[in-house]
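See structure below.
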């Protein structure tokens, strides 16, 4: 295989980091995005086109060895068209599942995961009935196209029913039990084309206003609980014939892991792997979709990540600590937009926490970087 | 500084790896190379032009924040022209010095380094006289445009004078004392725009047929010897007002370091830093030339690198060991051509050696990857 070409549907930061990882391996990347300034275009060939434009998609696919996705809301029809020209990894079913929260919960449940109590809501009357009947708080969510806390409304009492419906009504909806969780945990795994699955250490996440704020790994998780979750995940991946990186987000409550969401792609909560694991999630995704052996997922130390959301301090300021790893995506700052992240990796937990606190203080000091999301 | 643009004269693998490091920091790169298939063009904007084409160089420079070089034989005039449009880092003097081995030796000597005994050779008679007078073996070298052992001829007796002259005569030449060395060591440092200099751990190198074969770091070097060499290097960099990464190659003989060559750029012997140091040489060069604070040069463990020269085993084979880091440059295989390298980084020296031996065996097995150089 000499100089293979990887196609990526979507040209955002995940596509950019996939392209950077691919380049290390001598693999060229071509990204497809409607935006002419898509940030992955800085480091890969960018083909601009609408996800509805079948002929542009066909031209994009010409000469590719494989095609993958970088955001889970890529229109299923676009992925399907690409998949008619060139192998699509992960496959269409996996992509489709993650786009419908109800379907997703079903798949997670069948794999043996506990999930938050949930029901479909198709009308205002449905919502009224459910809210009257169920323990509050409840979280109303669109079944499709939600991310970073978008498309969600809390329902803490009957008084919230009408405003929530006004915001989200008209879309297929899901009503989740609000979970009082102790921690948010994500599990990130990679399944190779030969069925081998490898697992990154568990990750503890903190969100702010619906957007990931920090990740830390390895997160201490009870060994039996972890082993069971990994077996369930492998079972699910085997059934789907999944190839590539997948992320599962969990609420941990009283030692129990409740599976909340899956992302059939590289995931923000594993950005620390670029500087904190032997092989980054991006390289492992590239390896998986190209049918190459997977790399070690071992952590290099105590790793952490802080997202840069909306705006960021000057690069000079972020780089003052000689031991942090700054990643900027080349995107224009905008409220609620992920424009970069900072990784740390230290020999012990205390050093990691010290560095993350110092960085957190710098970020808090620099404008309203966590505000304005929405 | 929002989305700065870095210009790189030369579009080979060093330019490619600089562009990859720049992209992490949100910095766009533009490379200049005569070859339309220059491998850095896969990950950066490529401007094709001859190094003699002043107007193409001027167009290349438009909109750049800074310009640097990726190979030390970039024509000085081209660097000078670029430097008239945009800050050139490192500066013209540093680039010019490294292009003339005689001048280079003078600069190294003035910085206090011991160097191999050497003299200029301008005629066949000069060569005959010197060979009669001096202890053999001697190494005849072109003063300009040598790299990877090119432009060199050994003179072990008077019988070698005519053939050596036939090969190299007509160029300005240098006649070096052949050094019976114990080890080859390189020192790689980075000087920031504020004059701060940081040092990577010393590196031990093994060449084959004039081409770097392996590097290992940190190499044990006597602490006093190392401290002195670093002071001398800092002194030299300060005098030159140097900005960026620099590499010095030494012969170690009886505990003494003899400075042989300098490279005013990122260097093959520090490729291990991508996976084996907190901050790679590429990122630190980008930081330096953009006036940003430098990153930690601390090794993450026992690091090593093997070059892939001429040809490489299939990628699948190289990736069989889940813990190695494969870097391919996207270049067509050709005898004597550097097409990639493999990094290892382990917690102890023994594991590093085990992995490097195994890799070496794979490479030896795959065709004549070290033969055909020249």
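Condition first: within 14 Å of another protein chain (Cβ to nearest Cβ) and more than 16 Å from the chain's Cα centre (by Cα). Can you find one or more residues in segment B:353-365 that meet it? Quick ask: steps written out before the conclusion?
We begin by selecting, within segment B:353-365, every residue within 14 Å of another protein chain (Cβ to nearest Cβ); these are B:355, B:362.
Applying the additional criterion that residues be more than 16 Å from the chain's Cα centre (by Cα) yields B:355, B:362.
The answer is yes, given that some residue of segment B:353-365 is within 14 Å of another protein chain (Cβ to nearest Cβ) and more than 16 Å from the chain's Cα centre (by Cα).
Tell me which strands (runs of 3 or more DSSP E) are completely within segment A:100-181 and hold 2 or more residues being under 25 Å from residue A:228 (Cβ atoms), or say none if there are none. Break it down into steps so the answer makes sense when it comes.
Details: elements: A:118-121, A:138-142, A:152-155, A:173-177.
Filter on segment A:100-181 gives A:173-177.
Taking the conditions exactly as written (part of a helix (DSSP H, G or I) and either more than 14 Å from every other protein chain (Cβ to nearest Cβ) or farther than 30 Å from residue B:256 by Cα (or both)), does residue B:96 satisfy them or not?
Numbers: part of a helix (DSSP H, G or I): yes; either more than 14 Å from every other protein chain (Cβ to nearest Cβ) or farther than 30 Å from residue B:256 by Cα (or both): yes.
So residue B:96 fits the description; yes.
Is it fair to say residue B:352 is surrounded by fewer than 18 Cβ atoms within 10 Å (Cβ to Cβ) and either on the phi > 0 side of the Ramachandran plot or touching a residue at least 24 places away in the same chain (Cβ under 8 Å) (or both)?
On the way: surrounded by fewer than 18 Cβ atoms within 10 Å (Cβ to Cβ): no; either on the phi > 0 side of the Ramachandran plot or touching a residue at least 24 places away in the same chain (Cβ under 8 Å) (or both): yes.
So residue B:352 does not fit the description; no.
Within segment B:35-53, work out how many residues are under 19 Å from residue B:82 (Cα atoms), part of a loop (DSSP other than H, G, I, E, B) and under 23 Å from the mean Cα position of the chain (by Cα).
The number of residues fulfilling the criteria is 4.
Considering only residues that are touching a strand residue (DSSP E or B) at 6+ places or on another chain (Cβ under 6 Å) and crowded, with 17+ Cβ neighbours inside 10 Å, which ones fall in segment A:143-167?
A:143, A:148, A:151, A:152, A:153, A:155, A:164
For segment B:322-345, indicate whether the set of residues that are without any contact (Cβ under 8 Å) to a residue 12 or more places away in the chain and more than 23 Å from the chain's Cα centre (by Cα) is non-empty.
Yes; the residues of segment B:322-345 include at least one that is without any contact (Cβ under 8 Å) to a residue 12 or more places away in the chain and more than 23 Å from the chain's Cα centre (by Cα).
Considering only segment B:54-61, I want to know if a residue exists there that is within 13 Å of chain A (Cβ to nearest Cβ) and either outside any loop (DSSP other than H, G, I, E, B) or farther than 28 Å from residue B:308 by Cα (or both).
To start, the set of residues in segment B:54-61 that are within 13 Å of chain A (Cβ to nearest Cβ) comprises none.
Scanning segment B:54-61, I find no residue that is within 13 Å of chain A (Cβ to nearest Cβ) and either outside any loop (DSSP other than H, G, I, E, B) or farther than 28 Å from residue B:308 by Cα (or both), so the answer is no.
So that you can scan it fast, the table gives a plain yes or no per residue for (1) more than 12 Å from chain A (Cβ to nearest Cβ); (2) surrounded by fewer than 24 Cβ atoms within 10 Å (Cβ to Cβ); (3) in contact with a helix residue (DSSP H, G or I) (Cβ under 8 Å, 6 or more places away or on another chain):
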position: B:6; (1), (2), (3): no, no, yes
position: B:29; (1), (2), (3): no, no, yes
position: B:32; (1), (2), (3): yes, no, yes
position: B:36; (1), (2), (3): yes, yes, no
position: B:41; (1), (2), (3): no, yes, no
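Pick out the one residue from B:265, B:278, B:287 that is closer than 21 Å to residue B:236 by Cα and facing chain A (nearest Cβ under 9 Å). Steps first, answer last, please.
Numbers: B:265 fails: facing chain A (nearest Cβ under 9 Å); B:278 fails: closer than 21 Å to residue B:236 by Cα.
Answer to the selection: B:287.
Is at least one residue of segment A:301-324 at the interface with chain B (Cβ under 9 Å from one of its Cβ atoms) and closer than 18 Å to residue A:203 by Cα?
The answer is yes, given that some residue of segment A:301-324 is at the interface with chain B (Cβ under 9 Å from one of its Cβ atoms) and closer than 18 Å to residue A:203 by Cα.
Can you name the number of the only condition in (1) closer than 21 Å to residue A:345 by Cβ; (2) within 13 Å of chain A (Cβ to nearest Cβ); (3) crowded, with 23+ Cβ neighbours inside 10 Å that residue B:346 fails?
Evaluating residue B:346 over (1) closer than 21 Å to residue A:345 by Cβ; (2) within 13 Å of chain A (Cβ to nearest Cβ); (3) crowded, with 23+ Cβ neighbours inside 10 Å leaves (3) as the failure.
Out of all the residues in segment B:215-250, which are under 17 Å from residue B:268 (Cα atoms), in contact (Cβ under 8 Å) with a residue 60 or more places away in the chain and surrounded by fewer than 20 Cβ atoms within 10 Å (Cβ to Cβ)? Working first, answer last.
Taking segment B:215-250 as the starting set, the residues that turn out to be under 17 Å from residue B:268 (Cα atoms) are B:215-219, B:244-250.
Remaining after also requiring in contact (Cβ under 8 Å) with a residue 60 or more places away in the chain: B:215-218, B:244, B:246-250.
Correct list: B:218 only.
Within segment B:326-342, count every residue that is part of a strand (DSSP E or B) and either surrounded by 22 or more Cβ atoms within 10 Å (Cβ to Cβ) or at the interface with chain A (Cβ under 8 Å from one of its Cβ atoms) (or both). First the steps, then the outcome.
Going residue by residue through segment B:326-342, those that are part of a strand (DSSP E or B) are B:326-328, B:338-342.
Of the ones still in play, those that are also either surrounded by 22 or more Cβ atoms within 10 Å (Cβ to Cβ) or at the interface with chain A (Cβ under 8 Å from one of its Cβ atoms) (or both) are B:326-328, B:339-342.
Of the residues in that region, 7 qualify.
Determine whether segment A:13-33 contains at least one residue that is out of contact with any strand residue (DSSP E or B) (no Cβ under 7 Å at 6 or more places or on another chain), touching a residue at least 12 places away in the same chain (Cβ under 8 Å) and farther than 22 Å from residue A:328 by Cα.
The answer is no, given that none of the residues of segment A:13-33 is out of contact with any strand residue (DSSP E or B) (no Cβ under 7 Å at 6 or more places or on another chain), touching a residue at least 12 places away in the same chain (Cβ under 8 Å) and farther than 22 Å from residue A:328 by Cα.
How many residues, within segment A:13-27, are within 16 Å of residue A:279 (Cβ to Cβ), within 10 Å of chain B (Cβ to nearest Cβ) and part of a helix (DSSP H, G or I)?
6
Kindly indicate whether any position in segment B:83-90 is in a helix (DSSP H, G or I) and closer than 22 Å to residue B:239 by Cα.
Here is the first cut: in segment B:83-90, the ones in a helix (DSSP H, G or I) are B:83-85.
Keeping just the survivors that are closer than 22 Å to residue B:239 by Cα gives B:83-84.
There is at least one residue in segment B:83-90 that is in a helix (DSSP H, G or I) and closer than 22 Å to residue B:239 by Cα.
Return the residues of segment A:208-224 that are in contact with a strand residue (DSSP E or B) (Cβ under 6 Å, 6 or more places away or on another chain) and at pLDDT 95 or above; say none if nothing qualifies.
Going through segment A:208-224, the residues in contact with a strand residue (DSSP E or B) (Cβ under 6 Å, 6 or more places away or on another chain) turn out to be A:211-219.
Hits for segment A:208-224 are A:212, A:213, A:214, A:215, A:216, A:217, A:218, A:219.
The values are calculated or read from the model by the stated rules, or taken from the named source; none is laboratory data. Bear in mind the structure is a predicted one, so any value in this text is a computation, not a measurement. Note that each Cβ is placed from the backbone with ideal geometry, even for glycine, and that neighbours are counted across all protein chains shown.
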